[in-house]
Amino acid sequence: MNLEDESGILNVICSVGLWKRHRRVARESSALVVRGFLERSPEGVTNLVADKLEPLVLTVKSNSRDFR
């Protein structure tokens, strides 16, 4: 799984056991809270090693806006 913003991409590493436990949440939620720790390789690659995935409930719906 990847997280992306304006500055780049962060790899999220999920163990097989974590994915089995939280697969449905990860695939069906519109937003997620990912808990874990950062791991940085000597080459400078940064990964987030996940230990928990939770759905993030979005209480405010945004309507589509047409700027024509």
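The values are calculated or read from the model by the stated rules, or taken from the named source; none is laboratory data. Computed from a prediction, not measured in an experiment: that's the story for all the values here. In this analysis, Cβ positions are derived from the backbone assuming ideal geometry, glycine residues included, and neighbour counts consider all displayed protein chains.
Is at least one residue of the stretch 47-56 over 12 Å from the mean Cα position of the chain (by Cα) and at pLDDT below 95? So far as the stretch 47-56 goes, no, none of its residues is over 12 Å from the mean Cα position of the chain (by Cα) and at pLDDT below 95.
Within the stretch 1-32, count every residue that is outside any loop (DSSP other than H, G, I, E, B), surrounded by 12 or more Cβ atoms within 10 Å (Cβ to Cβ) and aliphatic (A, V, I, L, M). First the steps, then the outcome.
Within the stretch 1-32, the subset outside any loop (DSSP other than H, G, I, E, B) is 2-5, 8-13, 16-28, 32.
Imposing the further condition that a residue be surrounded by 12 or more Cβ atoms within 10 Å (Cβ to Cβ) reduces the set to 3, 10-13, 18-19, 21-23, 25-26, 32.
Right, trim to aliphatic (A, V, I, L, M) and you get 3, 10, 12-13, 18, 25-26, 32.
Total satisfying the criteria: 8.
Among the residues here, LEU48 does not qualify as surrounded by fewer than 14 Cβ atoms within 10 Å (Cβ to Cβ) and touching a residue at least 40 places away in the same chain (Cβ under 8 Å). If you go through the stretch 33-45 and pick out every residue that is basic (Lys, Arg) and either surrounded by 10 or more Cβ atoms within 10 Å (Cβ to Cβ) or touching a Leu at 6+ places or on another chain (Cβ under 9 Å) (or both), you end up with 1.
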